[in-house]
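Following: one structure in structure tokens, then a few remarks.
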Amino acid sequence: MDKQTSIDIPISINPCSLVSLSMATFTSQILVILFLFQSTTTSHIGLSNNVHKVVHCNEKDRRILLMFKRGVVDDHDRLSTWSSEEDCCAWSGVECSNITHRVTKLDLQPKNYVDYFKPLKDLDLSHNMFYGSYPSTLANLSSLVSLRIGSNSLSGGISQTIFSNLPNLEVLDLSNLTFAFHFHPDFIPPFQLGWLDMSNTNQGPYFPSWIYTQKLLYSLDISSSRISIIEEYKLWSLIARIDTLLLSNNSISGDMSNVTLNSTEIYLDHNNFTGMLPHISPNATHVDLSYNSFSGTIPCGWKYFKDLELINLWNNQL
């Protein structure tokens with residue numbers, strides 16, 4: 001006669017899963033506990049329902065599992081396969097012994113943790129010590145309005161597909177990252193940003209053409225990004241409507257004589273801009289045009305600055 005042993009029933013119910021599988025009553029909790037510890041079998045051989053099709057579950061186990069299903073809230077349909085018409089050993093998350101036909105394991109973890117965060121609107125992962133490649137699962141967070149992942153140690157490459165499913169994005173921080181940006185020149189994002197920081201990145205030598213499509217930008221920082229090649233007309237049109245503009249420490253060249261800047265903060269220092277000094281709004285508070293090749297005289301309109309706190313024209317040809 002075989003020696004009887006009590007079965008050890010592993011259960012993988014992650015605390016996160018309680019978001020979607022919450023107990024409706026204390027009675028339901030008792031049912032689960034009784035079920036998990038009532039087995040009287042001879043061995044512990046668990047086979048996944050994905051590979052084991054001949055096992056038929058114990059009728060008592062099936063009834064208790066259905067009672068458990070009725071006692072929980074299943075917002076994400078993790079228990080959708082739990083039906084009285086189907087063998088419970090074939091249900092999602094259920095494993096049975098091929099000898100006793102008893103349920104030996106319940107795995108009710110979500111298939112994709114990202115599903116829980118799809119309603120997320122603001123995600124700030126910046127200034128951490130994350131390393132490795134860009135997490136592609138972030139592309140599934142279609143409700144994101146603000147995404148900040150700057151100042152980490154992420155490496156490798158990042159493609160436009162990561163942002164193709166983020167139509168609500170308004171704030172994007174990709175600053176201080178070393179990975180390569182793989183964006184097609186014709187890429188048009190589904191979003192319209194208001195705030196963008198891509199400073200200290202390996203953007204160059206081309207100014208990212210997709211930024212030209214952002215008509216609602218009020219703050220742009222793409223300083224120290226090794227940029228030297230621009231489309232002048234598109235760039236002048238873009239920066240004319242930006243309130244906070246930082247293009248410092250690149251190698252951008254172009255004649256700005258006929259450019260009008262309506263920004264309050266303007267940092268164009270350490271580039272190769274030429275021509276007359278640009279027209280600047282009287283509302284400007286910070287203007288740094290140093291280390292360029294501007295020539296000519298100070299525009300008459302500059303005498304109307306109202307709240308100017310800083311102006312730096314050092315190292316030009318004025």
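With the convex hull drawn around the C-alpha atoms of the stretch 171-280, the volume per residue stands at 88 Å³.
Ranking Lys234, Lys306 by Cβ neighbours within 10 Å, fewest first, what do you get?
Numbers: Lys234 14, Lys306 9.
So the ranking, lowest neighbour count to highest, is Lys306, Lys234.
When only alpha carbons are used to place a centre, the stretch 296-318 and the stretch 242-273 end up 13 Å from one another.
Test of understanding: ordering Tyr131, Tyr267, Tyr206 by Cβ neighbours within 10 Å, fewest first, what list do you get? Numbers along the way, then the final one.
Numbers: Tyr131 9, Tyr267 22, Tyr206 14.
Sorted ascending by nearby Cβ count, the order is Tyr131, Tyr206, Tyr267.
Overall size of the stretch 50-195 from C-alpha positions, given as principal axis extents largest first: 60, 30, 26 Å. Put simply, the amide H of Cys96, placed in the peptide plane, has neighbours under 5 Å in Leu47, Asn49, Thr104, leaving out anything fewer than 5 places away on its chain. Among Met67, Met198, Met129, a tally of other beta-carbon atoms within 10 Å of each Cβ gives an order, fewest to most, of Met129, Met67, Met198. Stretched out straight at 0.36 nm per residue, the stretch from Leu120 to Leu216 would grow longer than its current Cα-Cα span by 32.3 nm. Bridging of Lys118 to aspartates and glutamates at a Cα separation below 20 Å is possible for Asp74, Asp75, Asp77, Glu170, Asp173, once same-chain residues fewer than 8 apart are set aside.
Only the coordinates and a few stated rules stand behind these numbers; no lab work does. Just so you know, these numbers come straight off a predicted model, no measurement behind them. Positions of Cβ are backbone-derived with ideal geometry, glycine not excepted, and every protein chain shown enters the neighbour counts.
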